[in-house]
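Structure first, commentary second.
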Amino acid sequence: MTRFRLGSLSLEGRLLAASALLAILVAGVFVAFILALSSLRKATREETQAKNVTTAALQLENLVLDADNALRTYVLTRRPRVLAPYYSAKKQLPLRLSKLQHLVVKDPAQARRVTELSTEIQDYQVTFAEAVLVIAEESFPAARSATKTEGNRRVADIRMRFAELLRSENARTVDRSESASDRSQRATAIGVAGLSASTVLIILFGLYLARSIAHPVRAAAAGATRFAEGDLSTRLEESGPGEVGELERAFNEMAERLARARRELEAQNTQLRESERLKTELVNTVSHELRTPLASVLGFTSILLSREFGAETRRHYLGIVDAQARRLSSLIDDFLDVRRIEQGRFELAYELLDLGALLQEESELYRGQSGKHRLELAVPPDPLPVRGDPDRLRQVIGNLLSNAIKYSPDGGIVELAAERDGDAVRIQVRDEGVGIPVKQQPGIFTKFFRGDMAGSGIGGTGLGLAVSRDIVESHGGRIGFTSAEGEGTTFWLELPGANGVGGDSPQGEQAQES
C-alpha cells in the first residue's frame, strides 16, 4: 500500500489541505469559545440578578426607615406636615415589596426571607404605626413612649431581616462573581490557545507562499514599522495578490481607525482638562458660596445665644439667619437637582395650571428683594393654561428673576412678561445688567459654567441655568436668550399650551421621570 505523504500533494492540494485544517481548527475553537461565552453570560445574568435584588432590598429598607423617621418626628414635634414621607412610603411599600418578591420568586430560600420580611413590614405598618397615629391624637407622650419601646424593637427586627437577606444575597453575588471570573478566564484561555494554534498553522501555510508574496509583505512590514514609529499617515498600496491584498486593506482600515481613535482621544483629553478646570472652579465656588451664608448663620446664632435683645432686633437677626439658611438650602437643592438629572431620576408632577397666576406669585416674591430694582410684570388678563409641575416651573422663573437681579448690580428695570404664541406660552425675563459676552454665550447652559463672572464678585454656582433648561425641556418646551455685553439680557422660554385651567389632568396627578 502506497503511504500518503504531504510532499506528494500539488501546491493547490497543499493550499486546500492547509485551509481545511485551519477551518477545522478555527471552527473547533469557535464552538468552544461560544460555549464558554454562553456559560459566562449565564453567570453574568445571575450576578446581575443578585445586584438587582440587593438594590431593591436597599430601596425597600430606606422606604421603611423613612416612614419610621417621619412617624418619630411627628410624635416629637406634633406637626402633621412632617408625616408626608410616612404617607408617601405607605403608598410605595406595596409596589416595592411586589418588585422584590418578583425578583426572588425563583429562589425558594430568598423568597421565604422576603415573605417573612413582607409580613413583618405590613405588621409594623398596620398594627403599630397606624396605632401610634391614633394614640398620638389622644396623647403624644404615650405615642413617643410606644415608638421608643415597641417601635425600636420592631424596626430592629425589620433591619435584622434586611441584613440577613442582604448577607445572603451578597454571598451569592460574590460566588457568582468568582464563577463569572473563572469562566471568563477559561474563555480567554480557549481563545488564546486557538489563536496561537491558528497562528502557527498560518505561519506554516505562509512558508509555501513566501516567494510569490515576498515583495508586498516586505512593503507591508515597512509600512507597519513606520506606523509603529508614530507615522499614522502611513498607508499601503493595495496591490498584493489574494490574502496579501486583504491584509493591505485591513492594515489601511486599522490605520484609519487608529488615526480616528487618536483624534477622539485628543478631543477627550481636551474635555478632561476642561472638566478638571471646571471641578477646580466648582470647589472654589462651592467653598465660597457655602462659607458666606454658613458664617452668617453661625455668627448671628452665636450672638442670639450669648446676648439678650429686644423683640424687634431678635426678629431682625432671626430673619437674617432664616434667609441665609434658605440660601444654603437653595444651593444644596441645585446640586441635588444636577445629580438627579445625571442619574435619570428627575421627577415631575404634572397638573393643569395657570402660568399667569404663577408669574404673579413669583413677581410678588422677588419684587422686594432689591431696593435698586423695579420689577415690572406684564401678563394678559386671560389665563395662560399649561400642563406641568408648578414647583419646578417656579424654580425656573425664580432662577431667571434671581439672575436678572444679580447680574444687574447697578439696579434698573427687570421685566417679566408672558403671552400666547400660537399653541405655546412664551415667557420673557429682561434686565438692564452687564450682559453676556459673545464668546461666553455658547456655554451659558453648561453645568458650573460662569465665565468671567467667577472673578467678578457676583455669587453663584453655575447650576441654575443648566437645571432650568432640563426642567423646561422635560416639559416639552425650549429655552434661550439674547444678550449684548453692557446692554442687558433677555431670557425666554416657551411651553406647550393646554386647554382650560382648574383641576388636574384626566388621569390625575402623575410623576414622570426625565
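The values are calculated or read from the model by the stated rules, or taken from the named source; none is laboratory data. Given the structure is predicted, the values throughout are model-derived calculations rather than measurements. Please note: Cβ atoms are built from the backbone with ideal geometry, for glycine as well, and neighbour counts cover all protein chains shown. For accessibility, only protein heavy atoms count, side chains too; no ligands or nucleic acids. Shrake-Rupley method; radii C 1.70, N 1.55, O 1.52, S 1.80 Å.
May I ask you to verify whether residue 127 is hydroxyl-bearing (Ser, Thr, Tyr) and farther than 30 Å from residue 167 by Cβ? Answer is no for this residue. Look at (1) surrounded by fewer than 21 Cβ atoms within 10 Å (Cβ to Cβ); (2) at pLDDT below 90; (3) not basic (Lys, Arg) and you find that residue 377 fails only one, number (2). Does region 465-482 contain any residue that is more than 23 Å from residue 383 (Cα to Cα), hydroxyl-bearing (Ser, Thr, Tyr) and at pLDDT 90 or above? Yes, the conditions are met somewhere in region 465-482.
For residue 67, the stated conditions hold: it is modelled with pLDDT under 85, of a type outside the set (D, E, K, R), farther than 30 Å from residue 45 by Cα and within 28 Å of the chain's Cα centre (by Cα). Considering region 129-140, the residues that are more than 13 Å from residue 90 (Cα to Cα) and free of Cβ contacts under 8 Å to residues at least 40 places away in the same chain include one that is surrounded by the most Cβ atoms within 10 Å (Cβ to Cβ), namely 135. Report yes if some residue within region 347-357 is surrounded by 14 or more Cβ atoms within 10 Å (Cβ to Cβ) and at pLDDT below 85; otherwise report no. Looking through region 347-357, at least one residue is surrounded by 14 or more Cβ atoms within 10 Å (Cβ to Cβ) and at pLDDT below 85. For residue 139, are the conditions met, namely being under 29 Å from the mean Cα position of the chain (by Cα) and of a type outside the set (Asp, Glu)? Here the answer is no, as residue 139 does not meet what is asked.
Among the residues of region 147-169, write down those that are touching a residue at least 60 places away in the same chain (Cβ under 8 Å) and hydrophobic (A, V, I, L, M, F, W, C). Please lay out each step first, then the result.
Initially, region 147-169 is screened for residues touching a residue at least 60 places away in the same chain (Cβ under 8 Å), giving 147, 151, 155, 158-159, 162, 165-166, 169.
Those that are touching a residue at least 60 places away in the same chain (Cβ under 8 Å) and hydrophobic (A, V, I, L, M, F, W, C): 155, 158, 162, 165, 166.
Filtered by the rule that a residue be loosely packed, with under 15 Cβ neighbours inside 10 Å and part of a helix (DSSP H, G or I), region 409-442 gives 438, 439, 442. Taking region 346-370 as the range and being in contact with a strand residue (DSSP E or B) (Cβ under 7 Å, 6 or more places away or on another chain) and under 17 Å from residue 411 (Cα atoms) as the test, the residues that pass are 363, 366, 367. Which of the residues spanning region 78-116 are open to solvent by less than 70 Å² (accessible area, probe 1.4 Å) and among the aliphatic types (A, V, I, L, M)? 82, 83, 84, 89, 93, 97, 100, 103, 104, 109, 111, 114 - these are the residues of region 78-116 that are open to solvent by less than 70 Å² (accessible area, probe 1.4 Å) and among the aliphatic types (A, V, I, L, M). Each residue in region 379-408 was checked for being outside any loop (DSSP other than H, G, I, E, B) and within 26 Å of residue 445 (Cα to Cα), and 20 pass.
When residues in region 293-324 are screened for being open to solvent by less than 50 Å² (accessible area, probe 1.4 Å), under 21 Å from residue 369 (Cα atoms) and out of contact with any helix residue (DSSP H, G or I) (no Cβ under 6 Å at 6 or more places or on another chain), 1 of them pass.
Picking from residues in region 151-178 that are modelled with pLDDT of 80 or more and open to solvent by 60 Å² or more (accessible area, probe 1.4 Å), the one that is nearest to residue 61 (Cα to Cα) is 159.
The selection criterion, being more than 23 Å from residue 149 (Cβ to Cβ) and among the basic types (Lys, Arg), does not hold for residue 72. Would you call residue 42 at pLDDT 80 or above and either outside any helix (DSSP H, G or I) or farther than 30 Å from residue 129 by Cα (or both)? When the stated conditions are applied, residue 42 does not pass them. Pairs meeting the criteria (first residue in region 432-443 and at pLDDT below 90, second residue in a helix (DSSP H, G or I), beta carbons under 6 Å, at least 6 apart or on different chains) are 440/451. The residue of region 94-103 that is farthest from the chain's Cα centre (by Cα), among those that are more than 9 Å from residue 56 (Cβ to Cβ) and in contact (Cβ under 8 Å) with a residue 12 or more places away in the chain, is 101.
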